[in-house]
Amino acid sequence: MGTGRRAFVKSGALALVTMGLSPSFLRRTAFAMDLPKTKRGKVLICLFQRGAADALNMIVPHGEQAYYAMRPTIAIPRPQRGNDQTSVDLDGFFGLHPSLAPLERLYRDGVLAPIHAVGSPSATRSHFDAQDYMESGTPDLKSTPDGWLNRYLATHGTCEACAANAVESPFRAVAMTSQMPRIFEGPAATVAMASLGEFTVRADGDAAARLEALYRTGEADLVHGAGREMFEAVKLLKTANPQRYQPDNGADYPRSQFGQRLREIAQLIKSDVGLEIAFADVGGWDTHVNQGGATGQLAARLRDFAQSIAALVTDLGPRMSDVLIMSMTEFGRMASQNGNGGTDHGHAGAMFVLGGSVKGGRVLGKWPGLQREQLFEGRDLALTTDFRSVFAEVVSKHLGGEKLDKIFPGFAAHRLDWLGVL
Amino acid sequence: MRRPSLLGVLLATSVISLAALPTVQRELSTDEQAIHVLNRLAFGPRPGDVERVKAIGVDRWIAQQLDPRSIRNDANERLIADAFPSVRLTASRLFEEAPPPNVIRRQARRQGDTVLTRADSMMLRSAAREARAVVGDVIGARVARSLASERQLEEVMVDFWLNHFTVFAGKNVVRYYLVDYEREAIRPYALGRFRDLLGAVAQSPAMLLYLDNAQSVADSTRPTLGGRFGQGVRGRTGLRGRLARRPQAAARLDSLRARMPRGLNENYARELLELHTLGVDGGYSQQDVIEVARSLTGWTVPGARRGADGFRFVPMLHDAGEKRVLGHRLAAGRGIEDGEDVLDLLCNHPSTARHIARKLAIRFVSDTPPSQLVDRAAATFTRTHGDIREVVRTIITSEEFFSRAAYRAKVKSPFEVVVSALRALGASPDTTPRTAGAVALLGQPIYGHQAPNGWPETGEAWLNTGAILNRINFALAAAAGRMPGASARAWAGDSIARLSRDRQIDIVVEQLLGGRASSATREILATGRNPLLDRAASDNMQDTTTSDTAGDMLGLERPNAARRAGFGTPPKLTGVAELVGLALGSPEFQRR
């Protein structure tokens, strides 16, 4: 960039101050001055299994007789060495669904922590309400306008070096989704894109250059400022060269949309564009009918899920020491199978937390049991860990977030209740 | 000095009121006034609209728009009903035609059909697709009406109220009630009485389901008008013992119980006060929220899960105890009157007048409307007992509305960007949900706002990095003829194509940008060079895009309109089409 333009933008921003415009806009304008590659920082990758994944068949309580009694045709068999149609034993009581076998190595390495009986304290069994609560971070409160990840972004500055220059990476928070997810909504700047390749001005010839020029005519209003910021971001992403990306360490991502999106998250991380929070979601978990057991519908979804995550970890290699992957789902499914070989909506669910600093190699969360009197409303896995206590621990210990009362209002985030995930 | 006769005074006032003549000099020229009203009281000018408004007269045009029934629109209504047949159907018909998959499953189970084959699974998946497609007609019709209706102000008001009283299509069965919501609760009252509008919304299945009032029932400690709800199930002894021998039936009973309403739900009551009427600082307490919720118990939609049609008040579910709402006592032992009285109280509250007046002024005038204008609009609200037409008239005939400061001061929402671009090109209505999908890609899926606060009415929220990129890509796609019904070539016709580049630029600037373009903008359009920079930015952008995967996993229960709606491979734009793409993607076009 020529110095002429920088000087111009700077004076434009100053002019705005005298006009009394909002400081947030000043930041946005100033941003166009410079876009250094940011220092490597901590990264959080949130993965949402939309549709309520069946916790009891993901992390199988093979030590519970009641589990087999309630699920006569869809239970995952007790572990048997050498039989890949049985659960993969973790600790003598719990095992992984055989499709999650790619994650076993990470558990043995102590970097993967499955969490059982975790979720929202709300009793709702509506997908919409439960997803809404998980993303707003305020169970049973509809009016919360923003998502909890955005509240983290809004209350916690970026790295010190960036803050000093009043520069914020446009890619600090990226959702690999075509629409902005609820969890990202709010005052802090976030970006949603269906793919990296799509984050570009889609025109042949010089139309794109002319459009950029139209936003750089020097007018210092909101629209021109946002446009300049966008063209800078597009260029920044181009320099990261996403078209020629080769995963490291022979990582082999599934061809699925989910796999490809995790691949692009790895690209973003490795290109040092300042990514701090990434989000992706994956559907197909609402298994009311013919859910299957060791094979079948759910098994296929879990295979894609596990292979994608395992490839991401392989690809990131030593970078995983700064990266934390956290999966979530809006609720679990009924303990008993239904009349269609599936499971209906339940209550507590399961999460996976994975990363270099995770104290893994053990299944976390108090196990409430599956006896009838132990079940929530006599039918669902009971809740023993509020999802906010996991989110709060991750935000605090991994990202260094401090204002937990702002991020999870109304939730007493007592450190004593934390599970010790990190 | 001769005193004017009484007759003379009467004549003078009646002439003024008939013609609604401006009493003060307006800061905008006549051309600017015409452009301004088309940008604010309509979704932007179509070719020739500015001349038409000037011919009618700006003030007469406003008066006509305030009285939609005076404007003929039959042809458009017929076109929309033909293109989107479900806009005429009831919720129960829609439910019958495309039932949600869980209803099909339940029926199968009831018939003892418990072994589902692979073919059954496929059938269920296609049923799920069809159930989602129910939303397609609704959102397609919204775009088509906004594009084509001659009653533009009515469409703007429908857009405003649908956002003020937002509901989310992805919540459970809400999608089946959207047609009914727009047609029965919103549209008839868009310029009517606020009390009628509020009452219609309060009794609409869409709102009752979206904010859970349908399942809000008297707490078990409270008296109701018809015995305790749920006593029947609890009271039967021995049932548990019999069920213990039949675990499947026991599970079903548990399932049934888990779905049963369990007491007061405050969601609707809270938003009714905070968002729909008084406003967040409107002077109410948490206790008021609870008391309002109690007053509205029993306002429900029995059988909504099976697609039942309408609102009902169910006395058995109603909390019949005494309540105190905003300092007013509601006596014990009453029924639906409790809720009706609450709505009356809210409509007559000064906070409501101010809240609604301010929000309308933000929509029509600027993100920071002058407080004197808000005061006058609120006073109109109070004086007319909430006559929306008169409140809007106060705002859009005001000096502030026609001020220089208000001109082009608003940033368009994604919906406004898409509809105004298509109107500018003289497009015919898209009969598919594709254009609605473009609105979603720009960040504003129709009926797709999850939280009850609705989309922002102010500009900054719309201008994040990804959103502005999508605005530009939409403009390029529209110019390239990728949006159904619109084409830059058809807009230009052969005559423009033969003109010189300079003349073409004149026409594009006049027709698409309302005549407003700096000399820098004109030069960029003409040569691609930015005279304000030391060099052209052209080396910055080399498009190497190959991906075309805008179709996306939107989450299980979200509207799927955006799925098919990517903007496709990069279009080749030349000649007039390129100019059109640049104009629609320009910063100037993002304002109204």
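The values are calculated or read from the model by the stated rules, or taken from the named source; none is laboratory data. Bear in mind that the values here come from a model prediction, so they are computed numbers and not experimental data. Every residue, glycine as well, gets a Cβ built from its backbone with ideal geometry; the counts of neighbours run over all protein chains shown.
Quick one: which residue in A:Leu262, A:Leu298 is part of a helix (DSSP H, G or I) and in contact with a strand residue (DSSP E or B) (Cβ under 8 Å, 6 or more places away or on another chain)? The conditions single out A:Leu262. Is it the case that region B:440-448 has a residue that's more than 30 Å from A:Pro139 (Cβ to Cβ), in contact (Cβ under 8 Å) with a residue 40 or more places away in the chain, touching a Ser or Thr at 6+ places or on another chain (Cβ under 9 Å) and among the hydrophobic types (A, V, I, L, M, F, W, C)? Checking region B:440-448: at least one residue is more than 30 Å from A:Pro139 (Cβ to Cβ), in contact (Cβ under 8 Å) with a residue 40 or more places away in the chain, touching a Ser or Thr at 6+ places or on another chain (Cβ under 9 Å) and among the hydrophobic types (A, V, I, L, M, F, W, C). Applying the criterion of being assigned to a loop (DSSP other than H, G, I, E, B) and buried (at least 21 other Cβ atoms within 10 Å of the Cβ) to the residues of region B:409-435, the residue that is modelled with the lowest pLDDT is B:Pro433. In a residue-by-residue description of region A:369-379, the property of being farther than 28 Å from A:Glu393 by Cα and in contact with a strand residue (DSSP E or B) (Cβ under 9 Å, 6 or more places away or on another chain) applies to at least one position.
One line per residue, one yes/no per condition, for (1) small (Gly, Ala, Ser); (2) over 17 Å from the mean Cα position of the chain (by Cα):
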{"site": "A:Lys238", "(1), (2)": "no, yes"}
{"site": "A:Arg261", "(1), (2)": "no, no"}
{"site": "A:His288", "(1), (2)": "no, yes"}
{"site": "A:Gly292", "(1), (2)": "yes, yes"}
{"site": "A:Leu324", "(1), (2)": "no, no"}
{"site": "A:Glu330", "(1), (2)": "no, no"}
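Right, B:Ala42: closer than 22 Å to B:Glu150 by Cβ, among the hydrophobic types (A, V, I, L, M, F, W, C) and assigned to a helix (DSSP H, G or I) or not? So B:Ala42 fails the test. Residues of region B:77-109 that are touching a residue at least 24 places away in the same chain (Cβ under 8 Å) and aliphatic (A, V, I, L, M): B:Leu79, B:Ile80, B:Ala83, B:Val87, B:Leu89, B:Ala91, B:Leu94, B:Ala98, B:Val103.
Being at pLDDT 95 or above, in a helix (DSSP H, G or I) and in contact with an Asp or Glu (Cβ under 9 Å, 6 or more places away or on another chain) is a description that does not apply to B:Arg183.
Scanning region B:39-53 turns up one or more residues that are touching a Gly at 6+ places or on another chain (Cβ under 7 Å) and buried (at least 20 other Cβ atoms within 10 Å of the Cβ). Are any of the residues in region B:411-426 without any contact (Cβ under 8 Å) to a residue 60 or more places away in the chain, among the hydroxyl-bearing types (Ser, Thr, Tyr) and closer than 30 Å to B:Gln25 by Cβ? Within region B:411-426 (the criterion being without any contact (Cβ under 8 Å) to a residue 60 or more places away in the chain, among the hydroxyl-bearing types (Ser, Thr, Tyr) and closer than 30 Å to B:Gln25 by Cβ), the answer is no, since none of the residues qualifies. How many of the residues making up region A:237-259 are within 12 Å of chain B (Cβ to nearest Cβ) and assigned to a helix (DSSP H, G or I)? Within region A:237-259, residues that are within 12 Å of chain B (Cβ to nearest Cβ) and assigned to a helix (DSSP H, G or I) number 8. Can you find a residue that is buried (at least 18 other Cβ atoms within 10 Å of the Cβ), at pLDDT below 95 and within 14 Å of chain A (Cβ to nearest Cβ) anywhere in region B:305-317? The answer is no, given that none of the residues of region B:305-317 is buried (at least 18 other Cβ atoms within 10 Å of the Cβ), at pLDDT below 95 and within 14 Å of chain A (Cβ to nearest Cβ).
Meeting the requirement of 2 or more residues that are more than 13 Å from every other protein chain (Cβ to nearest Cβ), at pLDDT below 85 and more than 17 Å from B:Pro587 (Cβ to Cβ), the helices (runs of 4 or more DSSP H) wholly within region B:440-545 are B:488-497. Of the residues making up region B:348-368, at least one is touching a Pro at 6+ places or on another chain (Cβ under 7 Å) and crowded, with 23+ Cβ neighbours inside 10 Å. The set of residues from region B:404-436 being within 10 Å of chain A (Cβ to nearest Cβ) and either among the β-branched types (Val, Ile, Thr) or closer than 24 Å to B:Asp82 by Cα (or both) comprises just one member, B:Val411.
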